[in-house]
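Visitor: First the structure, which I've put down as structure tokens, then a few questions once you've had a look.
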Amino acid sequence: MGKDAILLISFGTTYDETREKTINNIEKAISEKYPSYALVQAYTSSMIIRSLSKRGMKIFNVKEALQKLLDDGIENLHIQSTHIICGDEYEKMLRMVSEYEDKFKTITVGKPLFADYSDVETFTNIISKAFPLEEDEALVLMGHGTEHEINKVYEEIKAEFDKKGFQNILVGTVEAKPDIEDIIEALKEMKPKKVKLTPLMLVAGDHATNDMAGDEDDSWKAIIANEGIEVEVILKGLGEYEEIRTIYMNHLEESMKK
């Protein structure tokens, strides 16, 4: 084994199909670009790791992955996060990595999807092209949301869509603001006949399947349909878009050059 490795760190998902299409596709792109590097995956969600373990699937947590790479004699470690924002999970990951800083010759860390304004700009270009809308249609993107101050990025994404003339693309979050009530308020003003609903999340996992697209009365699909608007669900995680995977690849490459 060589002395160089790449560690791909994700929040994780228990949904096998979306994992294959998203996280594993990012891993595949990395292994194709850096074939001589050892490549390891880790999750930051201990709940997901435990759940997968019960199904006989072993995924490292961050510390386990770092220790394994150290034991394997890796000297130069390049980490890429698949998190969406520089929020709590990303910061938790950085704290764990910092404990190993002096144990490797070099450690680099690639930023999440939204690291700066250029990422927001690139993202809005990708999404507006992926979802061409008729005049009487709107697109609603459902993000996770956080109490962390970085939550403002969701408003920045919406502002960028507006700047580009895509006022019919709305951005909301499950656990912060803007929320589904803000989305409904905007839709009442907009009066679209149809809404396309899709996750602003790496994977189409639990939140996307249940909170967004579920059949319960409190799902976003049901709440929007209750307003008399036709809803089309696109259950597709961001990691399924090649252009989005390219953003992560660019972040990895940028960090490796430092």
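The values are calculated or read from the model by the stated rules, or taken from the named source; none is laboratory data. All of these numbers come straight from a predicted model, not from anything done at the bench. In this analysis, Cβ positions are derived from the backbone assuming ideal geometry, glycine residues included, and neighbour counts consider all displayed protein chains. Ligands, DNA and RNA are excluded from the accessible area calculation, which covers all protein heavy atoms including side chains. Shrake-Rupley method; radii C 1.70, N 1.55, O 1.52, S 1.80 Å.
Visitor: Could you list, in sequence order, the residues of region 5-18 that are more than 13 Å from the chain's Cα centre (by Cα) and over 17 Å from Ser81 (Cα atoms)?
Guide: Hits for region 5-18 are Thr14, Tyr15, Asp16, Glu17.
Visitor: Inside region 89-105, can you point out the residues that are under 23 Å from Gly2 (Cβ atoms) and assigned to a loop (DSSP other than H, G, I, E, B)?
Guide: Initially, region 89-105 is screened for residues under 23 Å from Gly2 (Cβ atoms), giving 97, 100-105.
Answer for region 89-105, where residues must be under 23 Å from Gly2 (Cβ atoms) and assigned to a loop (DSSP other than H, G, I, E, B): Tyr100, Glu101, Asp102, Lys103, Phe104, Lys105.
Visitor: What pairs can you find where one residue is in region 142-159 and in contact (Cβ under 8 Å) with a residue 60 or more places away in the chain and under 21 Å from Glu121 (Cβ atoms), the other is of a type in the set (Phe, Trp, Tyr) and not in a helix (DSSP H, G or I), and their Cβ atoms are less than 6 Å apart, with a gap of 6+ or different chains?
Guide: Pairs that qualify, where the first residue is in contact (Cβ under 8 Å) with a residue 60 or more places away in the chain and under 21 Å from Glu121 (Cβ atoms) and the partner is of a type in the set (Phe, Trp, Tyr) and not in a helix (DSSP H, G or I), are Val153/Phe114.
Residue-by-condition table, conditions (1) in contact with a strand residue (DSSP E or B) (Cβ under 7 Å, 6 or more places away or on another chain); (2) more than 23 Å from Met201 (Cα to Cα):
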| residue | (1), (2) |
| --- | --- |
| Leu69 | yes, yes |
| Met93 | yes, no |
| Ile107 | yes, yes |
| Asp116 | no, no |
| Asp119 | no, no |
| Thr124 | no, no |
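Visitor: Quick check: anything in region 124-141 farther than 21 Å from Asn168 by Cα, open to solvent by 10 Å² or more (accessible area, probe 1.4 Å) and touching a residue at least 12 places away in the same chain (Cβ under 8 Å)?
Guide: Narrowing region 124-141 to residues farther than 21 Å from Asn168 by Cα: none.
Taking every residue of region 124-141 in turn, none turns out to be farther than 21 Å from Asn168 by Cα, open to solvent by 10 Å² or more (accessible area, probe 1.4 Å) and touching a residue at least 12 places away in the same chain (Cβ under 8 Å).
Visitor: Do you know which of the residues in region 89-99 that are open to solvent by 30 Å² or more (accessible area, probe 1.4 Å) and over 14 Å from the mean Cα position of the chain (by Cα) is farthest from Pro199 (Cα to Cα)?
Guide: Step one: filter region 89-99 for residues open to solvent by 30 Å² or more (accessible area, probe 1.4 Å), giving 89, 91-92, 94-96, 98-99.
Applying the additional criterion that residues be over 14 Å from the mean Cα position of the chain (by Cα) yields 91-92, 94-96, 98-99.
Working: Glu91: 23, Lys92: 24, Leu94: 26, Arg95: 28, Met96: 28, Ser98: 31, Glu99: 34 Å.
So, considering only residues that are open to solvent by 30 Å² or more (accessible area, probe 1.4 Å) and over 14 Å from the mean Cα position of the chain (by Cα), the one farthest from Pro199 (Cα to Cα) is Glu99.
Visitor: What are the residues in region 106-123 that are touching a residue at least 60 places away in the same chain (Cβ under 8 Å) and not in a strand (DSSP E or B), if any?
Guide: First pass over region 106-123, keeping only residues touching a residue at least 60 places away in the same chain (Cβ under 8 Å): 108-113, 115, 119, 122-123.
Listed by number, the residues that qualify are Lys111, Pro112, Leu113, Ala115, Asp119, Thr122, Phe123.
Visitor: Can you report the number of residues in region 203-258 which are of a type in the set (Asp, Glu) and under 21 Å from the mean Cα position of the chain (by Cα)?
Guide: From region 203-258, those of a type in the set (Asp, Glu) are 206, 211, 215-218, 227, 230, 232, 240, 242-243, 253-254; that's our starting set.
If we keep only those that are under 21 Å from the mean Cα position of the chain (by Cα) as well, we get 206, 211, 240, 242-243, 253-254.
Matching residues across region 203-258 total 7.
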